Amino acid sequence: MSVCLQSILVTPLAIIAGAGLAWYGNYHVQTRIQRNLRLAHGVDELKRRLYDFLDLATRYWTLDAPRGEIHRTLEAQIIARKRIILEEFNALSSKSTELERSYSQTESSRVNLWDVAAGGCFQEAKWKSDQDRVVLIAAEVTRIIHSINQAH
């Protein structure tokens with residue numbers, strides 16, 4: 001009789017323990033999936049911002065007008081977006097070792113990108129468009145995005 005009673009009690013305990021383990025495992029799997037999805041979304045957003053930066057710099061460097069308010073507006077936007085991109089890339093790099101490696105590998109490309117985009121001409125009174133800069137900016141953006149794609 002005691003063996004039969006013991007097997008009846010063990011079965012519910014085993015079911016409860018198994019359900020608890022399944023819930024715990026599922027919770028950790030779902031947490032990891034959500035973390036990876038947030039990271040992937042962040043990477044996609046960073047790449048979109050880099051392409052937007054390219055568009056903004058292209059508009060700036062292909063303006064065919066005397067220096068004026070539009071130049072100052074685009075300059076401010078370039079500076080602001082540069083800061084946002086740097087902060088986002090830095091934040092993402094702390095969440096993934098592959099992105100951290102990409103961040104460090106693209107340091108020279110990022111510096112070149114900002115130098116070419118600003119061009120040292122932001123404060124000049126005499127304005128001259130420069131389409132060659134657009135090609136250089138596109139090359140640096142492409143290098144950075146390629147590195148991000150390989151990391152992710």
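The values are calculated or read from the model by the stated rules, or taken from the named source; none is laboratory data. Being a predicted model, the structure only gives us computed values, none of them experimental. Cβ sites come from the backbone with ideal geometry, for glycine too, and all protein chains shown count toward neighbours. Surface accessibility is based on the protein's heavy atoms, side chains included, excluding ligands, DNA and RNA. Shrake-Rupley method; radii C 1.70, N 1.55, O 1.52, S 1.80 Å.
Name the one entry in ARG48, ARG81 that is closer than 29 Å to LYS126 by Cβ, modelled with pLDDT of 95 or more and either open to solvent by less than 50 Å² (accessible area, probe 1.4 Å) or part of a helix (DSSP H, G or I) (or both).
Working: ARG48 fails: closer than 29 Å to LYS126 by Cβ.
From the options ARG48, ARG81, the qualifying one is ARG81.
Among (1) within 30 Å of LYS128 (Cβ to Cβ); (2) touching a residue at least 40 places away in the same chain (Cβ under 8 Å); (3) β-branched (Val, Ile, Thr), there is one condition VAL111 misses while meeting the rest; what is its number?
So VAL111 meets the others, but not (2).
Mind listing whichever residues of the range 91-100 are part of a helix (DSSP H, G or I) and open to solvent by 70 Å² or more (accessible area, probe 1.4 Å)? Before you say what the answer is, go through the steps one by one.
Our first condition is that a residue be part of a helix (DSSP H, G or I); within the range 91-100, this holds for 91-93, 97-100.
Of everything in the range 91-100, those that are part of a helix (DSSP H, G or I) and open to solvent by 70 Å² or more (accessible area, probe 1.4 Å) turn out to be THR97, GLU98, GLU100.
Test ILE16 against the criterion of being hydrophobic (A, V, I, L, M, F, W, C), at pLDDT below 90 and either over 15 Å from HIS152 (Cβ atoms) or assigned to a helix (DSSP H, G or I) (or both), and give yes or no.
On the way: hydrophobic (A, V, I, L, M, F, W, C): yes; at pLDDT below 90: yes; either over 15 Å from HIS152 (Cβ atoms) or assigned to a helix (DSSP H, G or I) (or both): yes.
Criteria met by ILE16.
Go through the range 101-152 and give me each residue that's open to solvent by 30 Å² or more (accessible area, probe 1.4 Å) and among the acidic types (Asp, Glu).
GLU107, ASP115, GLU124, ASP130, ASP132
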